[in-house]
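Here is the structure we will look at.
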Amino acid sequence: MSNLSIPGLVRNIQSFLTVSAVAAASALAPQSAQAAANGPPRPTVVLVHGAFADSASWNGVTASLLSQGFPVVAVANPLRSLRGDAAYVAGVVSSIAGDVVLVGHSYGGAVITNAANGKSNVKALVFVAAFAPEGGETALQLSGRFPGSTLGDALGAPVALADGGRDLYIQQAKFHLQFAADVSDRDARLMAAGQRPITEAALSEGSGTPAWKSIPSWFIHGDADRNIPPAAMRFMAQRAGSRRTEEVKGASHVVMTSHPAEVVRMIVEAAGADLAVTTR
């Protein structure tokens with residue numbers, strides 16, 4: 001039996017995850033080269049899921065982007081701490097040669113807000129039913145800034161962690177209505193069973209300097225979102241100077257799963273736009 005300490009084991013696991021993410025990004029290089037042969041090189045689209053979801057939530061978006069010649073990396077967001085998650089995603093971005101469009105869903109929006117700082121290859125940010133915090137703001141603060149979120153009542157009993165923290169899950173019986181009301185019952189059950197927990201600390205951690213102040217951004221969300229009130233998302237989009245904001249009628253929090261075509265159109269628009277940087 002190895003006598004490796006718990007901190008040492010955690011460092012080894014983090015190193016393995018980073019190497020795996022970099023390998024995933026590198027594996028897309030041949031496709032990028034093929035797309036370049038047929039026209040101007042397309043930016044790599046990096047998709048970052050949020051709490052209670054996983055990379056599969058982007059499957060419809062990913063399939064469409066790949067069919068159009070875009071290299072895609074759907075990152076496995078650790079959901080452990082905002083600073084740590086942002087550093088992980090920033091490492092993936094740094095491993096990619098060429099331009100990047102960074103896309104975040106829900107808590108993943110807070111992650112890309114921090115991860116894009118100092119990354120000259122990130123040309124656009126796309127917020128999909130996502131948080132776009134100002135410096136010092138937390139996801140919990142933003143979700144409670146306007147009325148309408150019912151997430152608190154849908155959460156199950158927190159799961160205690162060895163480090164003293166707590167993991168949060170949505171109760172499976174309430175997942176469909178709360179998180180994904182506009183997907184099929186079968187798909188919602190699968191999503192509920194496979195949901196990724198987020199630490200309570202990650203949702204309570206203040207953001208750093210927001211990248212949306214210097215990188216052009218786009219916003220899309222549903223008007224039937226029960227996790228983040230639509231009023232909050234309109235507020236964040238306006239504050240960030242969104243190039244375009246779309247509110248999808250009847251869409252739930254997982255607008256990228258239930259309405260992938262609309263999300264893809266916005267990502268493609270961001271990828272091909274005149275991406276002049278403006279400081280806000």
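The values are calculated or read from the model by the stated rules, or taken from the named source; none is laboratory data. Computed from a predicted structure; not experimentally measured. Note that each Cβ is placed from the backbone with ideal geometry, even for glycine, and that neighbours are counted across all protein chains shown.
The table that follows gives values for the structure above.
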quantity	calculated
Matching strands (runs of 3 or more DSSP E) fully within region 93-205 where at least 2 residues are closer than 27 Å to Phe70 by Cα	100-106, 122-130
Complete set of residues in region 44-71 that are surrounded by fewer than 24 Cβ atoms within 10 Å (Cβ to Cβ) and either more than 26 Å from Val183 (Cα to Cα) or not acidic (Asp, Glu) (or both)	Ser55, Ala56, Asn59, Gly60, Thr62, Ala63, Ser64, Leu66, Ser67, Gln68, Gly69, Phe70
Filter result (touching a Pro at 6+ places or on another chain (Cβ under 8 Å) and either of a type in the set (Ser, Thr, Tyr) or touching a residue at least 40 places away in the same chain (Cβ under 8 Å) (or both)) within region 77-95	Leu79, Asp85, Tyr88
Some residue of region 185-202 being at pLDDT 95 or above, in contact with a helix residue (DSSP H, G or I) (Cβ under 6 Å, 6 or more places away or on another chain) and within 14 Å of Tyr107 (Cα to Cα)	yes
Of the criteria (1) polar (S, T, N, Q); (2) at pLDDT below 95; (3) within 22 Å of Tyr88 (Cβ to Cβ), which one Asn38 fails	(3)
Identity of the residue in region 152-197, out of contact with any Gly (no Cβ under 8 Å at 6 or more places or on another chain) and β-branched (Val, Ile, Thr), that ends up surrounded by the fewest Cβ atoms within 10 Å (Cβ to Cβ)	Val159
In region 208-237, residue farthest from Leu140 (Cα to Cα) [restricted to those that are buried (at least 21 other Cβ atoms within 10 Å of the Cβ) and among the small types (Gly, Ala, Ser)]	Ser217
